[in-house]
Amino acid sequence: MKNNSQDTPKDSGKMSPVKNLQIDSKADFSPLSKHICANNPQLPNRRKWIKSLSSIGISAAISGLSIPFANANESLKNDLSPKTPKSVCAESLFTIIPPFGVNQAGITTPETTDAIFVAFKSVAPDIETLKTLFTRLTNRIVFLTQGGTPAAKPNKNYPPSESGMLGQYINPDSLTITVSVGATLFDKRYGLISQKPIELIDMPDFPNDALDTSWCDGDLLLQICANSKETVIYALRDIIKNTSQYLVPFWKIDGFLPSKAIKSNTTPINLFGFKDGTGNPSKHDNSLMNQIVWVGPNSKEPSWTHGGSYQAVRLIRQYLEFWDRTPLKQQEADFGRHKGSGAHLGKTDEFEEPYYAHNQADQITPIDSHVRRAEPRKHGRHDAKLLRRSYNYSLGLTKASQLDMGLIFVSYQSSLQKGFIDTQNRLNGEPLEEYIKPFGGGFFFALPGFRENEILGSGLFKLL
Ligand SMILES: C=CC1=C(C)c2cc3[nH]c(cc4nc(cc5[nH]c(cc1n2)c(C)c5CCC(=O)O)C(CCC(=O)O)=C4C)c(C)c3C=C
Ligand SMILES: [Fe+2]
C-alpha cells in the first residue's frame, strides 16, 4: 500500500499519473463546529458528516491507506473549471476547493483570510529533474488541498514524514496552492526557450518603484491560500520538505485579509480603510473570465499555456502613519470613492456606476483619482483588463520605526500588457503615490490547471 509521501506515485521523473480516490463534489463538507455559515445554515451533525465521507470513499484516506487524497466525481470531471463551491462556509476546516480543472484553483476561487507568497529559485540540474519536481509538487498539492491522514509514521531513526503541526488529520481548510513560473525558468537551463509565454518578462521598474532585487522575481512562485495561518504554514513546510533538492526559497511574504469580510463574502477593507475589490470583473461570468483572465486558443500564445494566466505580483509598502494624518476629503479624492460605503464619490451604493461613466466631463470624481485613472470608463467597463486578488502584509517595523505594512497586489490577466502594464502606466504619477512605495514582486505565468492523473505543467513538458 502506498502512502502520501513524496514517492507516491512513482517519482521517477516520468510523467507518472497521480492516482486518487473519488470524492463527491456535491458531498457535504460543512464544518463539525457549531458555526453557522451565512450561506449554508443547515449544518449536519458530526456523525452525518463522517457518514457522508465514508460513503464516498474517504474512509481509506482517514485510515491512512494507499492514496490518501480525494478528487472530483464524474460531474466535476465533465466540468473542469474550479467553480466557487456552492455551499462554501468560509470558517469551515472541511471545505475542499478541488485542485483539478481547466484552470488552477486560487485565481477565481474565493479569497481566504490567509496567504503565503513564496518565490523559489530552481536548482534542478536538467529538464528531467524539473519534471520530477513538478510531479512531486502536484502530488503534494493534491494531498494537501483535499486533506487526509499524513503518511504512516516511519522508523524513529528517520525524520517524521511531516511537521505534525496540524495533528493527526490534515483538514483541507479551503487550501489552494497556485503554481506560477517566472521568465527565468525559460532561460538556457532547461531548453524551454521556445515555449515561453510570449509576454512573460522580468518585472521592469515603474516610475514610483524602489525595487529591492532580494524581493523580486523567481523561477517559480507559489501562492498558498487558506482560512488559517497554520494551514498555509503547514502546506509551505510540507512543500519545502518534499522539494528541497530542487527548489530554494528566495523571498516569502505572508498575506492576510479581514476575516469579517471573508466570512460574510463582502468586499475586504484594505489598510487605508477603503473597500478594495469592488470594481473587479465578476468571477462568475465565465465569458468575461475567458476574455480578461484566462489565456485561450484565440491568443498567439503557445498551446500549452491555454487555461493559464499571467500573474503580476507587486509588494507595495503603504505609509500608514502619513495616511492616518491625511484629511478624509483628501483620502476620498485620492481614491475617488467614499471611505465607509465604498461607493463612487457622490453615490451611496458600493456597486453603483460613477457619474463619469455616463459623462466624461463630470468632475465629482477627480480625473487624477486612483479609480478614474485605473478604469477611466471611456469605452464602457474593463479598461483595466485584470482580476485583482490582493492581500495585506505586515512585516514589523522599518529602520525608521514606522509600520512596515502594505499590500501584496496580485492581478491575473490574459495579457500582461493589456492588463497590469497598461493599468499601471495609467496610474503612474497618481496622487496616491505619495502614500505608497512598490519594493518587490514579479511577473509570472500561472500554469493551466490539471486533471486527475495529470501533472501540473504537463502540457509544457509534452512539447519537448
Ligand atoms: C496596476 C494596477 C493597480 C495597482 C498597482 C493598484 C494598487 C492599489 N490599489 C489600492 C486600492 C484600491 N484600488 C481600487 C480600485 C482599483 N485599483 C486598480 C488597479 C490597481 N491598484 C483597479 C483596476 C481598480 C478598479 C477601478 C474601477 O473599476 O473603478 C480601489 C477602489 C475599490 C475597487 O474598485 O476595488 C481601492 C480602494 C491600493 C491601496 C493600492 C496600492 C497599495
Ligand atoms: Fe487599486
Residues being at pLDDT below 95 and within 8 Å of ligand 1 (Cβ to nearest atom) - total across the range 372-381: 1
Residue pairs meeting the criteria (Cβ under 8 Å; at least 6 apart or on separate chains; first touching a residue at least 12 places away in the same chain (Cβ under 8 Å) and over 21 Å from Ser228 (Cβ atoms), in the range 388-406; second away from ligand 1 (no atom under 11 Å from the Cβ) and among the hydrophobic types (A, V, I, L, M, F, W, C)): Leu403/Leu397; Asp404/Leu395; Asp404/Leu397
Unmet requirement for Ala124, which otherwise passes all of (1) exposed (fewer than 15 other Cβ atoms within 10 Å of the Cβ); (2) assigned to a loop (DSSP other than H, G, I, E, B): (1)
Criterion violated by Asp276 - all others in (1) away from ligand 1 (no atom under 15 Å from the Cβ); (2) in contact (Cβ under 8 Å) with a residue 60 or more places away in the chain; (3) within 17 Å of Lys385 (Cα to Cα) satisfied: (1)
Residue in the range 337-358 that is within 14 Å of ligand 2 (Cβ to nearest atom), under 30 Å from Ala119 (Cβ atoms), in contact (Cβ under 8 Å) with a residue 24 or more places away in the chain and not small (Gly, Ala, Ser) present: no
Odd one out for Lys252, checked against (1) in contact (Cβ under 8 Å) with a residue 12 or more places away in the chain; (2) part of a loop (DSSP other than H, G, I, E, B); (3) under 27 Å from Ile141 (Cα atoms): (2)
Options Phe186, Phe117, Phe134; residue that is closer than 26 Å to Gly277 by Cβ and hydrophobic (A, V, I, L, M, F, W, C): Phe117
Filtered residue count, the range 333-371, keeping only those that are out of contact with any helix residue (DSSP H, G or I) (no Cβ under 9 Å at 6 or more places or on another chain) and either within 10 Å of ligand 1 (Cβ to nearest atom) or not β-branched (Val, Ile, Thr) (or both): 15
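Rundown of residues vs (1) within 16 Å of ligand 2 (Cβ to nearest atom); (2) over 16 Å from the mean Cα position of the chain (by Cα), yes/no style:
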| residue | (1), (2) |
| --- | --- |
| Ile233 | no, no |
| Ser244 | no, yes |
| Ser259 | no, yes |
| Leu271 | yes, yes |
| Gly277 | yes, no |
| Ser287 | no, yes |
| Trp294 | no, no |
Contacts under 9 angstrom Cβ, first residue in the range 122-139 being free of Cβ contacts under 8 Å to residues at least 24 places away in the same chain, partner assigned to a helix (DSSP H, G or I), 6 or more apart: Pro125/Arg189
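Quick one: which of Leu416, Leu447 is within 13 Å of ligand 1 (Cβ to nearest atom) and surrounded by 17 or more Cβ atoms within 10 Å (Cβ to Cβ)? Steps first, please.
Details: Leu447 fails: within 13 Å of ligand 1 (Cβ to nearest atom).
After applying the criteria, what remains is Leu416.
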Evaluation of Val248 against (1) surrounded by fewer than 16 Cβ atoms within 10 Å (Cβ to Cβ); (2) out of contact with any strand residue (DSSP E or B) (no Cβ under 8 Å at 6 or more places or on another chain); (3) hydrophobic (A, V, I, L, M, F, W, C) (one fails), failing number: (2)
Evaluation of Ser161 against (1) out of contact with any Leu (no Cβ under 7 Å at 6 or more places or on another chain); (2) of a type in the set (Gly, Ala, Ser); (3) closer than 25 Å to Arg140 by Cβ; (4) at pLDDT 95 or above (one fails), failing number: (4)
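Would a scan of the range 112-122 turn up a residue that is over 21 Å from the mean Cα position of the chain (by Cα), modelled with pLDDT of 95 or more, among the acidic types (Asp, Glu) and farther than 18 Å from His284 by Cα?
First, pick out the residues of the range 112-122 that are over 21 Å from the mean Cα position of the chain (by Cα): none.
No: the range 112-122 contains no residue that is over 21 Å from the mean Cα position of the chain (by Cα), modelled with pLDDT of 95 or more, among the acidic types (Asp, Glu) and farther than 18 Å from His284 by Cα.
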Of all residues in the range 427-444 being more than 10 Å from ligand 1 (Cβ to nearest atom) and among the small types (Gly, Ala, Ser), the one that is surrounded by the most Cβ atoms within 10 Å (Cβ to Cβ): Gly442
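Across the range 266-297, which residue is surrounded by the fewest Cβ atoms within 10 Å (Cβ to Cβ) among those that are in a loop (DSSP other than H, G, I, E, B) and either at pLDDT below 95 or among the charged types (D, E, K, R) (or both)? Show your work before the answer.
Narrowing the range 266-297 to residues in a loop (DSSP other than H, G, I, E, B): 266-268, 270-274, 276-285, 293-297.
Cutting the leftovers down to either at pLDDT below 95 or among the charged types (D, E, K, R) (or both) gives us 276, 283, 285.
On the way: Asp276: 23, Lys283: 18, Asp285: 12.
Step by step, filter the range 266-297, then rank; the result is Asp285.
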Residue under evaluation Asn208, criteria (1) surrounded by fewer than 21 Cβ atoms within 10 Å (Cβ to Cβ); (2) assigned to a helix (DSSP H, G or I); (3) among the polar types (S, T, N, Q), criterion not met: (2)
Exclusive hit being under 30 Å from Ile262 (Cβ atoms) and in contact (Cβ under 8 Å) with a residue 24 or more places away in the chain, set Ile239, Ile201: Ile239
Checking Gln424 against (1) more than 9 Å from ligand 1 (Cβ to nearest atom); (2) polar (S, T, N, Q); (3) buried (at least 21 other Cβ atoms within 10 Å of the Cβ), the condition it does not meet: (1)
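Applying the selection to the range 196-230, what residues are of a type outside the set (A, V, I, L, M) and within 22 Å of Leu447 (Cβ to Cβ)? Full working, then the answer.
Taking the range 196-230 as the starting set, the residues that turn out to be of a type outside the set (A, V, I, L, M) are 196-197, 199, 202, 204-209, 212-219, 223, 225, 227-230.
Answer for the range 196-230, where residues must be of a type outside the set (A, V, I, L, M) and within 22 Å of Leu447 (Cβ to Cβ): Lys196, Pro197, Glu199, Asp202, Cys216, Asp217, Gly218, Asp219, Gln223, Cys225.
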Subset tally (residues that are touching a helix residue (DSSP H, G or I) at 6+ places or on another chain (Cβ under 9 Å), at negative phi and within 16 Å of ligand 2 (Cβ to nearest atom)) for the range 372-405: 11
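Going through Pro99, Pro82 one at a time, which residue ends up being modelled with pLDDT under 95, crowded, with 23+ Cβ neighbours inside 10 Å and closer than 29 Å to Glu199 by Cβ?
Numbers: Pro99 fails: modelled with pLDDT under 95.
Of the residues listed, the single one that is modelled with pLDDT under 95, crowded, with 23+ Cβ neighbours inside 10 Å and closer than 29 Å to Glu199 by Cβ is Pro82.
The values are calculated or read from the model by the stated rules, or taken from the named source; none is laboratory data. This one's a predicted model, so the numbers in the text were calculated from it and none came from an experiment. With ideal geometry, Cβ positions are generated from the backbone for all residues, glycine too; neighbour counts draw on all protein chains shown.
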